[in-house]
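Everything on this sheet refers to the single structure shown next.
All of the numbers you see were taken from the coordinates with simple rules; none came from a lab. No experiment lies behind these values; they were computed from the predicted model shown. Heads up, the Cβs are rebuilt from the backbone with ideal geometry, glycines too, and the neighbour counts pull from every protein chain shown.
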Amino acid sequence: AKAAGKGRHVIFDSSMQVDTLARLELENDLRAAIDGGQLRVHYQPIVPLKSERVTEVEALVRWQHPTQGMISPLDFIPLAEETGLIIPLGLWVLKEACRQAAIWHAQFPIDPPVVISVNLSPRQFQMPDLAEEVERTLQEAGLPARYLKLEITEGTIMLDVEATISTLSRLKAIGIKLAVDDFGTGYSSLAYLKRLPLDVLKIDRSFIKGIAENAEDKAIVQAILLLAKSLNLEVTAEGIENAEQAAMLNSWQCERGQGYYFARPMEADKATALLGRLGLS
Ligand code: C2E
Ligand code: CA
Ligand code: CA
Ligand code: CA
């Protein structure tokens, strides 16, 4: 996190002139990074709150910059989105994540099997041939579609609701699971929610943070859980950082949790070791 902070400072200088130049340089660097193998995928476990066994991992991209060290996605995803580089970048992450998930499946025939969750940016989601790309990627990786989950934000959903319904339906028809990321932070209309073929709501960690101390946060999270139940959606709580939060969410019948309390995002090797221990138990 320290290295990421340092990278952020160097890249986004506050002075405007430098900013333009630095951004141009960053864009060129990012282009080279995608082609030159500087991107990595880290994996963060997602666990059922009842068992705390890893049944899912979220793929989170990192940039191993040759001179600036590890750069956080918060520092380059927005630029990638702006410039269109998110398309090759996002496809690379999807391919890499599916390839890794297929290896885990061959290695650890555990039950329930590990689902891989991949983030889709707004621009990626609007690609006309997204469903075909995803289907081709699954085939190439040899990964059954039901082991892939795609995460989109409320903002992405609301860009064009009719188009969203059609794209989600095509992905759903392939057999992929669908999640709304950072739920509660955007402006998704509850009326639309019931028209979308979704599986999961991921409650943003800004609400989870305060559930033990703050009555409003607690009320919001409980309301989302109620809403999800009535819409027949499962819920994953993001950003669980302590046992108290995990226990409260479990007592409210929240299905799954993700956060530093269980595990931080980790390299594939470490995730493999973790899954291996579970597979043997
Ligand atoms: P996100 O999709 O909401 O991912 C969860 C973020 O929360 C991750 O940050 C994760 O490390 C962090 N996190 C997990 N548990 C905790 C916790 O207990 N406490 C705190 N404070 N943080 C926690 P990360 O990896 O830095 O990613 C940041 C964002 O960058 C992601 O937020 C996502 O919006 C974006 N991102 C990452 N990888 C990709 C990608 O491959 N494609 C796209 N389009 N976006 C990505
Ligand atoms: Ca996510
Ligand atoms: Ca999220
Ligand atoms: Ca987030």
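Across the range 84-233, the relative contact order, built from alpha-carbon pairs under 8 Å that are at least six residues apart, equals 18 percent. Dipole of the range 121-203 computed with +1 at Lys/Arg Cβ and -1 at Asp/Glu Cβ about the Cα centre; of Gly155, Gly184, Met127, farthest Cα towards the positive end is Gly184.
For the range 122-281, the share of DSSP beta bridges that are antiparallel, to the nearest 5, is 0%.
For a label point 7 Å from the Cα of Glu140 along Cα→C-beta, name the residues of the range 76-100 whose backbone N is under 20 Å from it. Taking a point 7 Å out along Cα→Cβ of Glu140, the residues of the range 76-100 whose backbone N falls under 20 Å are 84-100. Determine the relative contact order of the range 202-280: mean sequence separation of Cα pairs under 8 Å and six or more apart, normalised by residue count, in whole percent. 28 percent.
Taking each residue as 0.36 nm, the span from Glu132 to Leu274 lengthens on full extension beyond its C-alpha to C-alpha distance by 47.9 nm. Between Leu231 and Asn28, how high is the FRET efficiency from 1/(1 + (r/R0)^6) when r is the Cβ-Cβ distance and R₀ = 30 Å? Nearest 0.05. My answer for the efficiency is 0.10. Provide the net charge surrounding Glu133, with neighbours chosen by a C-beta distance below 12 Å and charges set as Lys +1, Arg +1, Asp -1, Glu -1. Around Glu133, the surrounding residues sum to -1.
Exposure proxy shown here: for Met266, Met248, the number of other Cβ atoms within 10 Å sets the order, fewest to most, as Met266, Met248.
Between Tyr260 and Ser206, full extension at 0.36 nm per residue minus the direct alpha carbon distance yields a gain of 18.0 nm. If R0 is taken as 25 Å, the Cβ-Cβ distance between Asp19 and Gln64 corresponds to a FRET efficiency of 0.55. Computed from the alpha carbon atoms alone, the convex hull of the chain holds 142 Å³ per residue. Hydrophobic, long helices, defined as DSSP H runs whose alpha-carbon span along the helix axis is 27 Å or greater and whose mean Kyte-Doolittle value is at least -1.0, occur in the chain at 16-35, 86-107. Ordering Trp63, Trp252 from the fewest to the most neighbouring beta carbons within 10 Å gives Trp252, Trp63. Mind running the shape call on the range 103-252? Use the C-alpha gyration tensor, a ≥ b ≥ c as the square roots of the eigenvalues: rounded below 1.5 for a/c, prolate if a/b tops b/c, oblate otherwise. Oblate, since a/c reaches 1.5 and b/c is not below a/b.
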